[in-house]
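Read through the structure below, which is laid out as structure tokens, and then see the notes.
The values are calculated or read from the model by the stated rules, or taken from the named source; none is laboratory data. Because the structure is a prediction, the values reported are computed rather than measured. Cβ placement follows ideal geometry from the backbone for every residue including glycine, while neighbour counts extend to all protein chains displayed. For accessibility, only protein heavy atoms count, side chains too; no ligands or nucleic acids. Shrake-Rupley method; radii C 1.70, N 1.55, O 1.52, S 1.80 Å.
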Amino acid sequence: MFIRDDIFYVGVNDHEIDLFEGHFEVPDGMAYNSYVIKDDKIAVMDAVEIKFGQEWLGKVREAIGDKEPDYLIVQHMEPDHSANIGTFLEAYPNAKVVGNSKTFMLMKKFYGTDYPDRQILVDDGGTLSLGRHVLKFLTAPMVHWPEVMFTYDEYSKVLFTADGFGKFGALDVEADWACEARRYYFGIIGKYGMMVQTILKKVSALAVETICPLHGPVLTENIGYYLDLYNTWSSYGVESEGIFIAYTSVYGHTKEAALLLKDKLEASGCPKVAIADLAREDMAESVEDAFRYGKIVLATTTYNGDIFPYMREFINDLLERGYQNRTIGIIENGSWGPVAARFIKQRFEKSKNITFTDTTVTVNSALDDVSRGQIDVLAAELLR
Ligand code: FEO
């Protein structure tokens with residue numbers, strides 16, 4: 001597939017995958033992108049997941065015919081992109097492999113060799129001329145692995161971004177970009193906001209007309225929209241006005257309290273109230289919603305003298321990703337000795353710029369007039 005100038009898409013779609021990275025649900029599959037730049041020299045940007053080696057090489061051959069690629073550029077060593085480096089270098093014995101010192105360190109660990117006779121070592125700001133296209137390498141450490149680099153082609157104004165700007169989903173399935181890109185970002189890259197900010201600063205000096213990520217569609221229009229979203233996400237900013245209620249419920253009483261709060265918020269004009277049952281819905285969806293909105297409510301039971309397990313997992317997911325700059329309300333339920341609210345607050349003690357609402361709702365087994373009244377007060381406080 002032609003992208004622009006001499007750049008072609010040679011990636012593959014994976015509809016066999018059940019869980020991406022072993023835990024993310026991907027009902028629409030996954031795309032492992034790869035690109036060919038045909039110039040005086042031919043470069044291939046990244047390999048693909050192990051199962052798709054021959055399909056990928058077939059596409060490379062379709063793009064370049066009988067010619068031989070000169071370079072395989074490795075922007076990211078996670079095996080969904082690196083597992084076929086060996087297949088490629090066997091198929092094209094004169095090709096060189098391009099990476100930085102960390103790329104080759106990881107290559108040796110994963111595949112037993114770093115191809116010492118075929119390496120081209122590059123560093124931040126290093127360039128590789130293919131002819132008209134001169135590729136400039138921008139290291140992007142911990143976005144989301146240490147060896148990651150972006151690559152800018154000034155001739156075509158194309159930025160290759162490794163996992164950055166990627167999304168879940170194969171390319172033969174129509175899907176809204178932001179929804180699955182946000183889930184991907186906060187699931188996989190979200191912990192590394194500061195590092196994303198660093199690479200975005202480098203990118204801001206470049207004229208970018210096309211973004212070629214290693215997952216998801218090639219982005220060709222309205223590039224500012226994607227850059228702005230990445231800036232909001234990586235600076236832990238609030239993307240959408242609204243409130244997210246995340247709940248767990250054992251016999252339905254905590255759910256009833258969460259739904260009552262949702263009703264009250266909507267009746268009072270809250271523009272958007274998202275709600276999720278953490279035990280039954282995709283946890284990664286809830287994580288992205290927690291980062292999307294500026295206010296969240298955690299509704300859960302006391303269980304084994306602690307917080308209910310799915311809520312514990314959810315909070316851990318938020319803390320691992322540096323959750324910050326948010327207001328949190330709590331609805332706790334406990335039939336004797338409720339402690340969930342206290343333990344939730346303790347877990348966020350070291351988080352930056354977290355404000356708890358003055359009102360905490362305590363349900364003693366089931367809603368009563370007192371807890372309904374507290375929900376009214378919490379709704380009002382959240383909307384202030
Ligand atoms: Fe798409 Fe971090 O691998």
Going by the alpha-carbon gyration tensor, a ≥ b ≥ c the square roots of its eigenvalues, is region 240-382 rounded (a/c under 1.5) or, if a/c is not under 1.5, prolate (a/b greater than b/c) versus oblate?
-> rounded
Share, in percent, of DSSP beta bridges within the chain that are antiparallel, nearest 5 = 45
When Lys and Arg each count +1 and Asp and Glu each count -1, what net charge do the other residues less than 12 Å away from residue 377, Cβ to Cβ, add up to?
-> 0
For the pair residue 355 and residue 369, the simple spin-label estimate (label points 7 Å beyond Cα toward Cβ) gives in nm 3.3
Pick out which of 189, 73, 50 has the largest mean-square fluctuation in a Gaussian network model of the chain, springs linking Cα atoms closer than 10 Å.
-> 50
Measuring from label point to label point, each 7 Å out along Cα→Cβ, what is the residue 197 to residue 279 span in nm?
-> 3.9
Using label points projected 7 Å from each Cα along Cα→Cβ, tell me how many nm separate residue 380 and residue 238, to one decimal.
-> 2.0
Sites residue 304 and residue 263, calculated FRET efficiency, Cβ-Cβ separation with R0 41 Å, nearest 0.05 | 0.85
Loop-located GluC sites (Glu not before Pro) in region 165-264 whose Cβ has at most 10 other Cβ within 10 Å (DSSP) = 174, 221
Enter the Cα centre distance for the pair region 75-130 and region 232-260, rounded to the nearest angstrom.
-> 44
Over the chain, relative contact order from alpha-carbon pairs under 8 Å, at least 6 apart, % = 11
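Residues of the chain: accessible area per residue at 1.4 Å, in Å²? Intermediate results must be reported in sequence, preceding the final value.
Values: 16070 Å² over 384 residues.
Accessible area per residue, the chain: 42 Å².
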Between 105, 283, 195, find the one with the highest GNM mean-square fluctuation for the chain; connect C-alpha pairs within less than 10 Å.
-> 105
Residue list for region 154-172, given a label point 7 angstrom along the Cα-to-Cβ vector of residue 206 and an amide N cut-off under 15 Å | 154-166
Highest GNM mean-square fluctuation among 217, 116, 141, for the chain with Cα springs under 10 Å, belongs to 116
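On the accessible surface of the chain, probed at 1.4 Å, how many percent belong to carbon and sulfur atoms?
48
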Contour minus end-to-end for residue 176 and residue 15, with contour as 0.36 nm per residue of separation and end-to-end as the Cα-Cα distance?
-> 56.1 nm
Among the listed pairs 67/102; 51/108; 51/202; 295/352; 295/345, those beyond 23 Å (Cα-Cα) = 67/102; 51/202
Please report the base-10 log of the normalised intensity I(q)/I(0) for region 2-234, using a Debye sum with one equal scatterer per alpha carbon and no solvent, at each q in 0.15 (1/Å).
-> -0.98
Per-residue [θ]222 nm for the chain (sum of -39500 (n - 2.57) over DSSP H runs n ≥ 4, rounded to 500) = -10000 deg cm²/dmol
